[in-house]
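The values are calculated or read from the model by the stated rules, or taken from the named source; none is laboratory data. Quick caveat: nothing in here was measured; it's all calculated off a predicted structure. Note that each Cβ is placed from the backbone with ideal geometry, even for glycine, and that neighbours are counted across all protein chains shown.
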Amino acid sequence: MTTMKKIPHNQIRILLFLVSLSFLSCEKFLNVKEDQKIVNAETLGDLQALLDAAIYINYGYYPVLLEIATDDFYLTPDVYSNAKEFEKDNYLWKDYPLYLNQDINVSWMFPFRNLLIANTVLDELPNVESNDLVRKREIKGTALFFRAYVFFQLAQAFCDAYELNAENTAPGLPLRLNPDFNEISRRATVDETYQQIIVDMEEAISLLPAATPVPTRPSKGAAYAAMAKICLAMGDYERALINANNALEQHNELLDYNDLNPLANIPIERFNNETMFYAYSTGFSVLRRTSALVDSSLYKSYEDNDLRKTVCFIDNGNGSYGFKGGYTGASNNAFFVGLTTSELLLIQAECYARANHIDLALEALNRLLEHRYERETFVPYSAIDQEDCIKLVLAERRKELLFRGVRWSDLKRLNKEGRFTKTLERKMIVNDVLETFTLSPNDPRYNFTIPAEVIVKTGMQQNIR
């Protein structure tokens, strides 16, 4: 396994200001003075060191909210009663969850700190004297990739789903495109948000190298994969397919689950050959495998010869199951938000199915499933109509990408199609009373609220509930 090189001592100073942000309150973060310097970059190595700070950009600092409200798991009353109030409120889709400082950090400030890193590199890069134009291009491409990817993840949590051929004028993100703290934050529209994401990622594709020494650095293939993921969320299936095909030309390796140990505590290793880009988000405490119990109907949808049923789940011995099939390489409450070949094949399959190229859709799906079922037992799918093919791919997408930060985005985009809408339901004992909570398709609560303290400090528009 390849490991990250240790950052030289003379480069660590660049990270000191960024590290200090971890310990600032939201108010202090929003009131940093104009003359406060972020970096004193002198070389391309200095800027590369910022982008190689995987502890910030790759490890944990994406929006934590992306899994808490999905229909893939449930909590027992005991686990619920011992959870933090912010976790409880978001789990039950409450109108205005109360953010405490730590909740502001993991839901909002930490992702924006990653944007600060990317913007700092982009701002400083023209000032660094170097004849190494190739490395300059790669550094710029990496910073643009990270900025686009963080914006995209934030959009899944806080913005309406993009609708193709619509105006998309609802509030989007505050598009911070430079490291100037004094620039007033305002929310762009959903359309402006996604157009910025696309512009950044398209330029990243043109600048990034074909391969990188570690999967925490994005490659050209990873950027194509990210673009496919973005276009799928937008409902732009034609562009998603083009980018998925381009990505798979760069990288198409798959894990064979026959080679994994179903008894292992962590059956899927970090940086495995299926991973094109490695990143994860810190999860809420209730997302630990012993707390977040897999939806029973979802678990039963796996066939007995489907190795995911034994590799990815823990039988608790009481009719419930925990999930251990993450791609983080750890057994904590974090969830993977990177990019893999398996996700690309599912994007490819869905897009082919929507274009009524059924044979190609099933070819992509069958290739994935051949690596998930016991050898010599999988019967490839064939000869089904378009509607059944789309439903099949969507069902396999949910089964394959469990706890990967995509279900919430999928629910939002599929709710825009009448045939795939779903009302979510949870039952929970609250104050000694069994209550039923529901989330209707296209409900405003699909957009999480921005921390109130951020709204007060910036004057930005809050999401309606």
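Among the residues of the stretch 397-436, which ones are over 28 Å from PHE151 (Cα atoms), touching a residue at least 40 places away in the same chain (Cβ under 8 Å) and outside any strand (DSSP E or B)?
none
TRP93 fails exactly one of the following numbered conditions: (1) of a type outside the set (D, E, K, R); (2) under 30 Å from SER285 (Cα atoms); (3) within 17 Å of the chain's Cα centre (by Cα). What is the number of that condition?
All conditions pass for TRP93, except number (3).
Would you mind finding the one in ALA143, ALA118, ALA161, ALA170 that is under 18 Å from ARG187 (Cβ atoms) and either of a type in the set (Lys, Arg) or crowded, with 22+ Cβ neighbours inside 10 Å (or both)?
None of the other options fit; the residue is ALA161.
Just to be sure before I move on: is GLY317 out of contact with any Cys (no Cβ under 8 Å at 6 or more places or on another chain) and more than 28 Å from CYS389 (Cβ to Cβ) in the structure I sent?
Here the answer is yes, as GLY317 does meet what is asked.
Could you list, in sequence order, the residues of the stretch 75-119 that are part of a loop (DSSP other than H, G, I, E, B) and under 20 Å from ILE450 (Cβ atoms)?
Once the filter is applied, which keeps residues that are part of a loop (DSSP other than H, G, I, E, B) and under 20 Å from ILE450 (Cβ atoms), the stretch 75-119 yields LYS84, LEU92, TRP93, LYS94, ASP95, TYR96, PRO97, LEU98, TYR99, LEU100.
When both residues are 6+ apart or on different chains and their Cβ atoms are under 6 Å apart, which pairs have a first residue that lies in the stretch 265-282 and is among the polar types (S, T, N, Q), and a second that is not in a loop (DSSP other than H, G, I, E, B)?
What qualifies is THR275/THR340; SER281/VAL64; SER281/PHE335; THR282/GLY60; THR282/VAL64; THR282/VAL106.
Out of everything in the stretch 253-264 that is in contact with a Pro (Cβ under 9 Å, 6 or more places away or on another chain) and free of Cβ contacts under 8 Å to residues at least 60 places away in the same chain, what residue ends up being surrounded by the fewest Cβ atoms within 10 Å (Cβ to Cβ)?
If we take residues in the stretch 253-264 being in contact with a Pro (Cβ under 9 Å, 6 or more places away or on another chain) and free of Cβ contacts under 8 Å to residues at least 60 places away in the same chain, then ASN261 is surrounded by the fewest Cβ atoms within 10 Å (Cβ to Cβ).
Can you pull out every residue in the stretch 314-331 that is at positive phi and free of Cβ contacts under 8 Å to residues at least 12 places away in the same chain?
Of everything in the stretch 314-331, just one residue is at positive phi and free of Cβ contacts under 8 Å to residues at least 12 places away in the same chain, namely GLY317.
Looking only at the stretch 397-427, filter to residues that are farther than 25 Å from PRO63 by Cα and at pLDDT 95 or above; which one of those is farthest from the chain's Cα centre (by Cα)?
LYS427
Please find, among VAL286, VAL294, the residue that is at pLDDT 95 or above and out of contact with any strand residue (DSSP E or B) (no Cβ under 6 Å at 6 or more places or on another chain).
From the options VAL286, VAL294, the qualifying one is VAL286.
Specify which of the listed residues (ILE55, ILE68) is of a type in the set (Val, Ile, Thr) and assigned to a loop (DSSP other than H, G, I, E, B).
Of the residues listed, the single one that is of a type in the set (Val, Ile, Thr) and assigned to a loop (DSSP other than H, G, I, E, B) is ILE68.
Quick check on this structure: which one of ALA244, ALA233, ALA228 is in contact (Cβ under 8 Å) with a residue 40 or more places away in the chain and over 30 Å from GLN462 (Cα atoms)?
Sole residue among the options that is in contact (Cβ under 8 Å) with a residue 40 or more places away in the chain and over 30 Å from GLN462 (Cα atoms): ALA244.
Exactly one of these conditions fails for ILE230: (1) in contact with a strand residue (DSSP E or B) (Cβ under 9 Å, 6 or more places away or on another chain); (2) crowded, with 17+ Cβ neighbours inside 10 Å; (3) outside any loop (DSSP other than H, G, I, E, B). Give me its number.
All conditions pass for ILE230, except number (1).
Between a residue in the stretch 347-368 that is at negative phi and any residue that is surrounded by 17 or more Cβ atoms within 10 Å (Cβ to Cβ) and of a type in the set (D, E, K, R), which pairs come within a Cβ distance under 6 Å, given they are 6 or more apart or on different chains?
none
Determine, yes or no, whether GLU350 is part of a helix (DSSP H, G or I), surrounded by 17 or more Cβ atoms within 10 Å (Cβ to Cβ) and acidic (Asp, Glu).
So GLU350 fits the description; yes.
Please go through the stretch 368-387 and pick out each residue that is surrounded by 12 or more Cβ atoms within 10 Å (Cβ to Cβ), part of a helix (DSSP H, G or I) and more than 24 Å from the chain's Cα centre (by Cα).
Within the stretch 368-387, GLU370, GLN386 meet the criteria.
Which numbered condition trips up ASN356, out of (1) surrounded by fewer than 14 Cβ atoms within 10 Å (Cβ to Cβ); (2) under 30 Å from PRO77 (Cα atoms); (3) in contact with a helix residue (DSSP H, G or I) (Cβ under 9 Å, 6 or more places away or on another chain)?
Single failed check for ASN356: (2).
Please determine whether any residue of the stretch 179-198 is outside any helix (DSSP H, G or I), among the aromatic types (Phe, Trp, Tyr), in contact (Cβ under 8 Å) with a residue 40 or more places away in the chain and over 18 Å from LEU50 (Cα atoms).
Yes, the stretch 179-198 has at least one match.
Name the single residue, out of those in the stretch 388-424 being surrounded by 14 or more Cβ atoms within 10 Å (Cβ to Cβ) and β-branched (Val, Ile, Thr), that is farthest from GLN348 (Cα to Cα).
VAL406
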